[in-house]
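To start, the structure itself, in structure tokens.
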Amino acid sequence: MDEIENYSESIHEQSNEHAHHILHESEGKEKWVLFVALSTAVIAVLAAITGLLAGNHADDAMLEQIRSSDQWAFYQAKGIKTDVLNSANTMLIAMGKKPDSTVAAKVKANKKEQQQIMNTAKEEKAESDIHVMKHEILARGVTMFQIAIAIGAISIITKRKVLWLASLGFTAVGVFFLLQGVLF
């Protein structure tokens, strides 16, 4: 994420310096360059916000996945414990001894608890998947904002307003992804 932010800041600084230079050089003849610089600053802020949100969702996805994995490990441990209890009773029967009468109740309780653990694990996995999806959507937004910043800088260098308009178009797509990632 730092690479994206550094890249964004670098392009933003270069476009602002160039815009400042052109404004003073042309004595106000190309004021549209100021609007490019201002819009680029806004785009950089949007890119930073979107990048932060994307990073948060990536972190949350990982935490939910870890919780889900922990629950599955607990589920397996309960299953092993249940099998050990059943095996102990089977061995007692095989040796001609009376089986432990409390084992059946413990096995039943373990099976019920295993079902609850499995449901929790599945819920946490689903939460992780949602965070991954939001991260991917927001990452697309960051990409669109970075492209918009780059095209904005190129529009100043080449003095082509049409490129600035293209930059604003990429910004609109980035805003779409930002909203989709936040509202989804």
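Summary table below
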{"item": "Of all residues in the range 53-97 being of a type in the set (Lys, Arg) and in a helix (DSSP H, G or I), the one that is surrounded by the fewest Cβ atoms within 10 Å (Cβ to Cβ)", "result": "Lys81"}
{"item": "Some residue of the range 159-179 being within 12 Å of Val33 (Cβ to Cβ), outside any helix (DSSP H, G or I) and open to solvent by 70 Å² or more (accessible area, probe 1.4 Å)", "result": "yes"}
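The values are calculated or read from the model by the stated rules, or taken from the named source; none is laboratory data. What you are looking at is a predicted structure, and each value in this text was computed from that prediction instead of being measured. Every residue, glycine as well, gets a Cβ built from its backbone with ideal geometry; the counts of neighbours run over all protein chains shown. Remember, those area values only see protein heavy atoms, side chains included, never the ligands or the DNA or RNA. Shrake-Rupley method; radii C 1.70, N 1.55, O 1.52, S 1.80 Å.
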